[in-house]
Amino acid sequence: MTSAPISRERVVILGASDKPERYAHQAQQLLARHGHEVIPVHPRLSEIEGTPVVADLSQVVGPVDTVTMYVGPAISNGLVEKLIALKPRRVIFNPGTENPALSVHLQAAGIAVEEACTLVLLHTGQF
């Protein structure tokens, strides 16, 4: 019996963190362990455990499968155009980052929206 091939995704982590206790940091580690390419985004960090960090969504080059959100509406409200321009297949709003107004804009642009925990999705094989 052959197992299904692992689907490797390019995942942008919006609100990445270099603090191990933060869920964004844990998600970055788990995504990498699952074979996904991670692109951390944070305005003041240059790298997290050897992975280069981009300061702004507009600096992400190439196709993106998933954006996983670790910033609340106070920040994400100003990112509508940049997220739409990025054209990810989906955006995951982790607990505490939900933004109904942004979700409407993303869905209108053909981007799937999911309110879920990236860590749980990875641990349960639903990512």
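Since every read-out is calculated from the coordinates, none of them should be taken as a lab result. Values in this document were obtained by computation on a predicted structure and should not be read as measured data. Note that each Cβ is placed from the backbone with ideal geometry, even for glycine, and that neighbours are counted across all protein chains shown.
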Which entry in (i) 14.7; (ii) 16.7; (iii) 15.3 matches Kirkwood radius over Cα pairs in Å derived from the coordinates of this structure?
(i)
In nm, what is the difference between 0.36 nm times the number of residues separating Ala85 and Glu49 and their Cα-Cα distance?
10.1 nm
Tell me which of Ser46, Thr66, Leu102 sits at the most positive position along the dipole axis of the chain, charges placed on C-beta atoms (Lys, Arg +1; Asp, Glu -1).
Thr66
The range 45-127: trypsin sites (Lys or Arg not before Pro) in DSSP coil with no more than 15 other Cβ atoms inside 10 Å:
Arg89
Expressed as a whole-number percentage, the relative contact order of the chain with C-alpha contacts under 8 angstrom and at least six residues apart is 22
Debye, to nearest 20: dipole size of the chain, +1 on Lys, Arg Cβ, -1 on Asp, Glu Cβ
140
